[in-house]
Amino acid sequence: LVGSEMCIRDRDGTIRSWRWNPNVGLSGGHSLSGHTDRVEFLSIADYSNASAGIIQKPFLCVSGGRDNTVRVWDLERSRETRKMYVFDAVTSGAVDWQSATIAVGSRSGALGLWDLNTGQYGSYDLIRSTKSYLRRPNFDN
């Protein structure tokens, strides 16, 4: 839940967006269809403190699922605006709205980074061990 916007996920891959108004109550329930398997993470944009020009559209939601995709949704229009294919089933994710970076963890333990505004995959160096570390992503490739 961010401000008045809320999204929930269902096991079949469907996402529903809702809007809360204290005077009216809960409204919406708009279905966001596109994922073909379970959705594992959701993140809704919080633009209350966003700088102008970082992200173009308000009311965005990012989702990632077991169908090997990350999707960006326009909640005002109830439609998908971008789809990015992931190297493996998505098991976790997060969005840094200030830098417009999507971080996605996969079933294989790998981490991927995408630019939210362009959908471009960022290159990175990842060492898989108990002391894994991530170097700064490079979206200029």
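If amide hydrogens are placed 1.01 Å from N in the peptide plane, which non-local residues have theirs closer than 5 Å to the one on Val86?
Answer set, sorted by chain and number: Thr69, Val70.
Can you put Trp114, Trp97, Trp20 in order of accessible area, largest first, using a 1.4 Å probe?
Order by accessible area, largest first: Trp20, Trp97, Trp114.
Taking all protein chains together and a probe of 1.4 Å, list Phe41, Phe87 from the most accessible to the least accessible.
Phe87, Phe41
Need the full-extension length gain, Arg77 to Ile8, defined as separation in residues times 0.36 nm minus the C-alpha distance. One decimal, nm.
Extra length from Arg77 to Ile8 when fully extended: 23.2 nm.
What figure in square angstrom, to the nearest 10, would you give for the accessible area of Asp67 with a 1.4 Å probe?
Here the residue's solvent-accessible area equals roughly 30 Å².
What list of ³J(HN,Hα) values in whole Hz, one per residue of region 94-99 in order, does the Karplus curve 6.51 cos²θ - 1.76 cosθ + 1.60 (θ = phi - 60°) give from phi, with Gly and Pro shown as x?
For region 94-99, the Karplus-derived couplings read 7, 10, 9, 5, 5, 9 Hz, x marking Gly and Pro.
In the full protein assembly as shown, how much of His30 is accessible to a 1.4 Å probe, in Å² to the nearest 10?
Here the accessible area works out near 100 Å².
Let me check something: with ligands and nucleic acids excluded, how do Thr81, Thr118, Thr101 order by accessible area (1.4 Å probe), largest to smallest?
Largest to smallest exposure gives the sequence Thr118, Thr81, Thr101.
The values are calculated or read from the model by the stated rules, or taken from the named source; none is laboratory data. Computed from a predicted structure; not experimentally measured. Note: areas computed on protein heavy atoms with side chains; ligands, DNA, RNA excluded. Shrake-Rupley method; radii C 1.70, N 1.55, O 1.52, S 1.80 Å.
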